[in-house]
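Data first, discussion second: the structure below is written as C-alpha cells.
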Amino acid sequence: MTDVARRPPHPPPTAPTPAIAPASYVDGFRSLEDETRIEELSLEGKLPEWLRGSLIRTGPAKWEVGAQQMRHWFDGFAMLHRFGFEAGKVSYASRFLETRAYRAAKQNGEITYSEFATDPCRSLFSRIFSVFSPKISDNANVNLVKLGERYISMTETPIPVEFDGETLETAGVAYETPGLLTTAHPHLDRATGGMLNYAAKVGPRNRYRFFHVPPDEVAEPRVIGELPVKEPAYMHSFGLTERWLVLAEFPLVVNPISIPLSGRPYIENYRWKPELGTRFTLIDRKTGMATGPFETDPFFCFHHVNAYEENGEVVVDACTYENAQIVEDLYLDRLREGKPAGRAEMRRFRIDLGTREVTSEQLAEGLELPRINYGRNNERPYRYAWGVDDESGWFDRIVKVDTQERNAIEWHEDGCSPGEPVFVAAPDSDSEDAGVLLSVVFDARSGNSFMLVLDAAELSELARAEAPHHIPYGFHGQFLS
Ligand SMILES: [Fe+2]
C-alpha cells in the first residue's frame, strides 16, 4: 500500500523521464499529521475591518493507521481548524479531535471503530459480538455548531462531540441522540436558540424521530414527533420552513437489522431502489404531525440549500444527483487516482399542498457544499446561494447562484480547489449578499492551502492568508463571532 501521508507533494522526476509530474488537486487528499498554532499568517490583501471572529471547520485529516487505510473520503479522522480574524490579521490553529475512535487507533495501531465505509470487524464472532456491544464511531468530521455556549462537532452517528472553541481541546459527549442514524446538519430553531434534527431509531419497529435540543448547558433532546419507516433512507440533511421540517427520502435505503451481520461497512448496506421514487414528508414543528408523502422522481442529494412556504406551496431547493453514484465516486483510492466525482445540480422542488403534486426545475447547472445568508434567509424566501462547482472532476470554482435571475457568477484560479464558501454577513446591511465568503483553498502549485476571502456580492478577492501546509479537503464549518 502506498504511504500517501508521507508522499511529498511534488515528487522529483526519476531519470530518465524528464517530465515533472504535474501538480494536481489530488494532493489535497494527503493525510495531515501536524497540529499547528500560528498567531499570524502571511496575508495578501486587506480584510474588512468589521470581520472579527473565528471560522472553525471540521474535516477528515488522516486516513492511515499503520499499514491500514480508510476506504472513503468521509472516513478520515476528524481534525478541527480555526482561522481567527482580528484587527486585520488571521491566525490559524488545528488539532485532532481526541475521539475514542482516534484514541483507540493510536493505542492499538489499527483501525478499531467502524466508519462510513470502513469496517475493521472482520470475523463473524466479532460481528455478532458487536451487535451487543456496538463500536459506534464518534469521529465527528462532518460539521459543527455552537449551541448556546457549547461548541459541538458532529457526524452521522449519535455521538456529538463537545470541544473547547479556544484551545480546540476535546471535552466529551455533548448529549444523547434519540436514535442511531442522524445528520450533522441540524437547523437553528430561532424561537429558542436551540436546534432541530432528526434521527432514525432502529429496532423491531424503525422510525424517524424529530427532536429539539435546547441551548442549555445540560442539553436533553426532546422528541417532537415520530414517523414509522420500514427501510430508513440515507439522508445527510433536511430542509426547514417556518412551519415545517422537510424530509426528503431518497431511494437509497437500508434494512437496519442487516447491518451488523452483513459483512459490509455501514454505507454499503444501503441499496438504491429507484422504483421507490423520492418522497417528501412535512413534519409540523409545533405538533410533530406529519403530512405526506409527496412523491416525485428518484434522485439523490447530500445537501438541502433552503426551503420556504409560498402561495400554498412548500419550496425546497437542493443540490441533486440523478442517483447515488456520487457515494461511490468519493472512495479515497478513486479520488487519489484523480478519477472524477459526479457534479450536483441545484434544483427547486415545489410541493403543492392542495393538489399534492411535486414539480421541479433546474436553478443552476452546478452547486455543492451550499451556503446562504442563513441568519437572514433560512426558512424564508431568498435570492442567493453560494457553493462550489467543477468542470474538472473536482471542485475548482466558487459560484454564486442568483435564484431569481437564474444565473451564476464564479471565482476560479488555475491550480486552486476551493472548499465550502462560508458566508459571513456584513453588519448593518440590508442586502442579502453584503458580506464575505471564507473558503479554504488547496493550491496544487504550492502544495499548501490558503484562506480565501471574497466579496460575497461580486466574488472579487479581498485577501488570502497562506497556511503553512496543506489542509486536507474537508466538509463544513461555521463562522462564530
Ligand atoms: Fe454535509
- Item | Förster radius 22 Å - calculated FRET efficiency between LYS273 and ARG243 (Cβ-Cβ, nearest 0.05) | 0.15
- In order over region 93-104: 3J(HN,Hα) from phi, Karplus 6.51/-1.76/1.60, θ = phi - 60°, whole Hz, x for each Gly or Pro, gives 9, 9, 7, 5, 6, 7, 7, 5, 5, 5, 5, 5
- Note on the structure: If R0 = 41 Å, then VAL223 and ILE38, at their Cβ-Cβ distance, give a FRET efficiency to the nearest 0.05 of 0.40
- Provide the gained length on full extension for the span ARG356 to LEU480, in nm with one decimal, where the gain is 0.36 nm per separating residue minus the Cα-Cα distance. 40.7 nm
- Mind putting a number on the dipole of region 350-453 about its Cα centre? Charges go on the C-beta only, +1 for Lys and Arg and -1 for Asp and Glu, and I need it in Debye to the nearest 20. 300
- Item | Estimated dipole of region 290-350 in Debye, rounded to 20 [Cβ of Lys and Arg +1, of Asp and Glu -1, Cα centre] | 240
- After finding the eigenvalues of the alpha carbon gyration tensor for region 75-114, what semi-axes result from the square roots of 5 times each, listed largest first in whole Å? 31, 8, 6
- Task: Place +1 on the Cβ of every Lys and Arg and -1 on the Cβ of every Asp and Glu in region 339-481, take the dipole about the Cα centre, and give the residue among SER481, PRO427, CYS416 whose Cα lies farthest towards its positive end.
- Result: SER481
- Hey, which of these cross-link pairs are over 19 Å Cα-Cα: LYS46/LYS146; LYS62/LYS106; LYS106/LYS146? LYS46/LYS146; LYS106/LYS146
- Near the amide H of ASP396, under 5 Å away, which other amide H atoms are found, from residues 5 or more places off or on another chain, if H is placed in the peptide plane? ASP389, ASP390, GLU391
- Check the straight Cα-Cα distances from LYS135 and name the aspartates and glutamates below 17 Å, setting aside those fewer than 8 residues away within the same chain. ASP75, GLU98, GLU110, GLU115, ASP119, GLU156, GLU176
- Task: Could you pull the accessible area for MET289 with a 1.4 Å probe, rounded to 10 Å²?
- Result: 130
- Query: Using mean Cβ contacts within 10 Å as the protection proxy, how do 36-42, 172-178, 313-319 order, highest first?
  - Reply: 313-319, 172-178, 36-42
- Interchain or long-range residues, amide H under 5 Å from LYS62's placed H: LEU32, PHE77
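Can you tell me the dipole magnitude for the chain around its Cα centre, using point charges on the Cβ only (Lys, Arg +1; Asp, Glu -1), in Debye to the nearest 20?
Values: 51 positive and 72 negative charges, 332 e Å.
I would put it at about 1600 debye.
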- Task: Give me the compactness ratio for region 151-271, meaning the Cα radius of gyration over 2.2 N^0.38 Å.
- Result: 1.11
- Largest first and to the nearest Å, give the Cα extent of region 18-94 along each principal axis. 46, 36, 18
- Within a Cβ distance under 9 Å of GLY148, other residues only, what is the Lys/Arg minus Asp/Glu net charge? -1
- Query: Where does region 134-176 land on Rg/Rh, using Cα atoms and the Kirkwood Rh?
  - Reply: 0.95
- Long-range amide H partners of LEU363 with built H, under 5 Å: MET346, ARG347, ARG348
- Message: If I take the Cα coordinates of region 395-467 and project them onto the principal axes, what are the three extents in Å, biggest first?
- Response: 39, 27, 16
- Stick to Cα atoms and the Kirkwood definition of Rh, then tell me Rg/Rh for the chain. 0.94
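The values are calculated or read from the model by the stated rules, or taken from the named source; none is laboratory data. Nothing here was measured: the structure is a model prediction, and the numbers come from that model. So basically every Cβ, Gly included, is an ideal-geometry build from the backbone, and we count neighbours across all protein chains shown. Please note that ligands, DNA and RNA were not included when accessible areas were found on the heavy atoms of the full protein model with its side chains. Shrake-Rupley method; radii C 1.70, N 1.55, O 1.52, S 1.80 Å.
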